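Trainee: A single structure is presented below for examination.
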Amino acid sequence: MYRLYKNIMALLLISCLICLLGCEKFLDEKTNKKLAIPTTLADFQALLDNPSRINYSSPVSGEISSDDYYLTDTKWNGLASVQNRRMYVWEKDNLFASSFNDWSSVYSAIYIDNTVLQGIDGVPRSGTNAVEWDNVKGQALYGRGNSYLEGIIIWGIAYDEATAGSDLGLPLRLNTVFSEKTKRASVRQTYELVIQDLKASIALLPVTPLSKFRPSKPAAYGLLSRAYLSMRDYENAYKYADSCLYLRKDILDFNTLSFTVNFPFNVDNNTEAIYYKSMSTPPIISGVSPMVVPKSYDSFDLADLRKQVFFKKNPDNSYRFKGSYGGSYGPFSGVATNEMFLIKAECLARKDQINESMVVLNGLLVKRWDKNKVFVPYSAGSSAEALDIVLKERRKELMMRGLRWMDIKRLNKEGANIILTRTLNNKVYELLPNDLRYALPIPEDIISLSGMEQNKR
């Protein structure tokens, strides 16, 4: 089985890279018949059970570009990656190294999902394999929806109902045909595919998966909620967050965690984690290089256990983030219940259900509070005040989760006026609200090979 898995992955990797780079000369080459072709449910499941390409493949460029951290002049100057240095200060081009980058990670995962979705129809669904058949197809649909959502958040501008039909989205690959011309769909079409895939996966996925590395029904509900939040469709964001929490409403009591270990969370002890996924860890956001903005660190009350669980002091008395939900340097980007509680609280505040919003928020925060200190529940006198409270807590609770870039984009569309600022080598860099640079440029080699239209700068 292991040899079969290696053969399958070798074929897919070769095919995927050629497909991504737009090289059509491969069509003239003869296939290596020694490479195994996936044909059974076990084969397809083996493709999906590939953490390096499925679970550890979230794009990291949004986190690099956001304001969850800062670098000193020395650390920025010492970065080996020119592209990461340019991304940190929001340059207009040359943000991605050739071939192996966030774009290739996203589309490599999509290619695997499309291979499964295209091939599984060749396996008859029967009474004896129906549960397994549904689960495999559901995983592939979820994975494709997940990848396209992560991609549009990076390479698309903020969703605007008035212009989404003409704003440039992603190229939507629904098969493994190399010769298909690559062209960009609209932002609306991209989100429609995300919604379509995730909704279709719900009926197929189990409530409780074999592993958190596989998606589930509550994970699909949760990701749908995130997608609708990104679209600023708060009614549906609430609906699917609530559906997720109906099936999985665990809240982890931070009083039970160790504050002294390097990684307080891990996949096993973190009952809030529904589906495990993480970002890659280039040096710019790993180890001691990224430092927490002092204002962010100071925003936590002394009795708030997140201050001890999320951060570790550096030798120079600055702080770095250690609170990844996956228990490693790779920032967690999967689905977890705390995100769903915050989405639900935000949407309730927007619907003027002030008391209900505060109840949901307080139910989460009390589990973050030192049990030996008095927790004073939040209250609000207006919808605007409740929303402000929730968004501030969302900012603290979801640091380094790959969500800040999405939040800045959607909130600036609503007048939040969030301005990002970096100061390096006595030079000040700014990214103003709704700047076109919030849609990162597609890697130049992809543009050159495919002929697609580049994002406007």
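Trainee: Taking every DSSP beta bridge that has both residues in the chain, what percent is antiparallel when rounded to the nearest 5?
Mentor: 95 percent
Trainee: Take Asp316 and Lys75, extend 7 Å from each Cα along the Cα→Cβ direction, and tell me the distance between the two endpoints in nm.
Mentor: With each label placed 7 Å out from Cα toward Cβ, I get 0.8 nm.
Trainee: Quick one: go through region 427-457 and flag any residue whose amide nitrogen is under 17 Å from the point 7 Å out along the Cα-to-Cβ line of Ser99.
Mentor: 443-450
Trainee: Want the number for Asp352 to Arg457: 0.36 nm per residue separation, take away the alpha-carbon distance, what's left?
Mentor: Taking 0.36 nm per residue and subtracting the Cα distance, the gain is 34.0 nm.
Trainee: Another question about this same structure. Of Ala158, Ile202, Phe213, which is farthest towards the positive pole of region 158-232's charge dipole, taken about the Cα centre with +1 and -1 on the beta-carbons of Lys, Arg and Asp, Glu respectively?
Mentor: Farthest towards the positive end: Phe213.
Trainee: Given 0.36 nm per residue, what is the gain on full extension from Asn236 to Val293 after removing their alpha carbon distance, in nm?
Mentor: Value of the extension gain: 17.2 nm.
Trainee: What's the magnitude of the charge dipole for the chain around its Cα centre, counting Lys and Arg as +1 and Asp and Glu as -1 at the beta-carbon? Answer in Debye, nearest 20.
Mentor: 680 debye
Trainee: Okay, moving on. Please work out whether region 343-457 counts as rounded, prolate or oblate from its C-alpha gyration tensor, where a ≥ b ≥ c are the square roots of the eigenvalues and a/c under 1.5 means rounded, while otherwise a/b larger than b/c means prolate and anything else oblate?
Mentor: Numbers: a/c = 2.50, a/b = 2.13, b/c = 1.17.
Prolate.
Trainee: Moving on. When the chain is fully extended, how far beyond the present Cα-Cα distance does Asp301 get from Ala42, taking 0.36 nm per residue of separation?
Mentor: Result for the pair: 88.2 nm of gain on full extension.
Trainee: Something else about it: Between region 174-209 and region 323-352, what is the separation of their alpha carbon centroids in Å?
Mentor: That distance is 23 Å.
Trainee: Moving on. Leaving out same-chain residues fewer than 8 places away, which lysines sit with a Cα under 22 Å from that of Lys137?
Mentor: Result set, ordered by chain and number: Lys6, Lys199, Lys212, Lys217, Lys277.
Trainee: Oh, and also: Could you name the lysines in cross-link range of Lys75, using Cα to Cα under 19 Å and dropping any fewer than eight places away on the same chain?
Mentor: Output for Lys75: Lys312, Lys313, Lys322, Lys427.
Trainee: Additional query: With mean projected area of the Cα convex hull in nm² as the read-out, I listed [x] 26.8; [y] 20.6; [z] 22.5; which label goes with the value calculated from this structure?
Mentor: After the calculation, the listed value that fits is [z].
Trainee: If the limit is 24 Å between Cα atoms, which of Lys344/Lys392; Lys413/Lys456; Lys344/Lys409; Lys92/Lys295; Lys367/Lys396; Lys371/Lys396 go over it?
Mentor: Over 24 Å Cα-Cα: Lys92/Lys295.
Every number in this text was worked out from the coordinates using simple rules, so none of it is lab data. Since this is a predicted model, take the numbers as computed values, not measurements. Neighbour counts are summed over all protein chains in view; Cβ atoms, including those assigned to glycine, are modelled from backbone coordinates with ideal geometry.
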